[in-house]
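The values are calculated or read from the model by the stated rules, or taken from the named source; none is laboratory data. Keep in mind that what you see is a predicted model, and the values were worked out from it rather than measured. Here the Cβ positions follow ideal geometry from the backbone for every residue, glycine too, while neighbour counts run over all protein chains shown. We work out accessible area using only protein heavy atoms, side chains counted, and drop any ligands, DNA or RNA first. Shrake-Rupley method; radii C 1.70, N 1.55, O 1.52, S 1.80 Å.
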Amino acid sequence: MSTAAYELLAASSHNTLDVTAAFLGGLLIAGALVWAIHFGMKVRDQELPRPLPEEQPHLPATGAVHEMREMREPDEMPVASEEKERLMPYQLHHSGSRTGKDQSRQRWVPGRSGSFGGGGIGHV
């Protein structure tokens with residue numbers, strides 16, 4: 001062997017520890033992944049089984065339920081009898097709106113913008 005070969009072997013002996021550490025680190029990570037998969041399979045075996053197709057929910061006999069569109073209008077806020085008196089929760093309704101008298105769908109007024117940058121002149 002030549003001197004160059006000996007120098008190459010001597011230089012590579014310092015890398016042996018690095019290569020061994022990297023190999024052992026890879027084995028550790030691979031072992032952790034195998035353990036995680038095994039642990040997940042054990043946990044999944046302990047869970048309840050999936051429902052059968054007969055146990056799945058079915059559509060009602062009347063068919064699918066469709067959405068209902070209605071126009072709502074706000075309830076009037078009750079006024080306290082005196083200015084110092086405050087409103088109590090039992091004096092308020094459970095809902096802040098009710099079905100409106102006019103159920104026709106509101107359309108945009110021509111010449112007014114529907115949104116920012118909509119191209120109209122805005123509310124003048």
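Listed here are the residues, each with its yes/no results for (1) modelled with pLDDT of 75 or more; (2) open to solvent by 60 Å² or more (accessible area, probe 1.4 Å); (3) under 32 Å from the mean Cα position of the chain (by Cα).
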{"residue": "Met71", "(1), (2), (3)": "yes, no, yes"}
{"residue": "Pro78", "(1), (2), (3)": "no, no, no"}
{"residue": "Glu82", "(1), (2), (3)": "no, yes, no"}
{"residue": "Met88", "(1), (2), (3)": "yes, yes, no"}
{"residue": "Gln103", "(1), (2), (3)": "yes, yes, no"}
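Conditions tested, residue by residue: (1) outside any loop (DSSP other than H, G, I, E, B); (2) modelled with pLDDT under 65; (3) polar (S, T, N, Q).
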position	(1), (2), (3)
His58	no, no, no
Ser95	no, no, yes
Trp108	no, no, no
Gly111	no, yes, no
Gly118	no, yes, no
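Looking only at the stretch 71-83, decide whether some residue is among the charged types (D, E, K, R) and in contact with an Asp or Glu (Cβ under 8 Å, 6 or more places away or on another chain). No, every residue in the stretch 71-83 fails to be among the charged types (D, E, K, R) and in contact with an Asp or Glu (Cβ under 8 Å, 6 or more places away or on another chain).
For the stretch 35-50, a residue qualifies if it is assigned to a helix (DSSP H, G or I) and open to solvent by 100 Å² or more (accessible area, probe 1.4 Å), and the qualifying residues are Trp35, Ile37, His38, Phe39, Met41, Lys42, Arg44, Asp45, Gln46.
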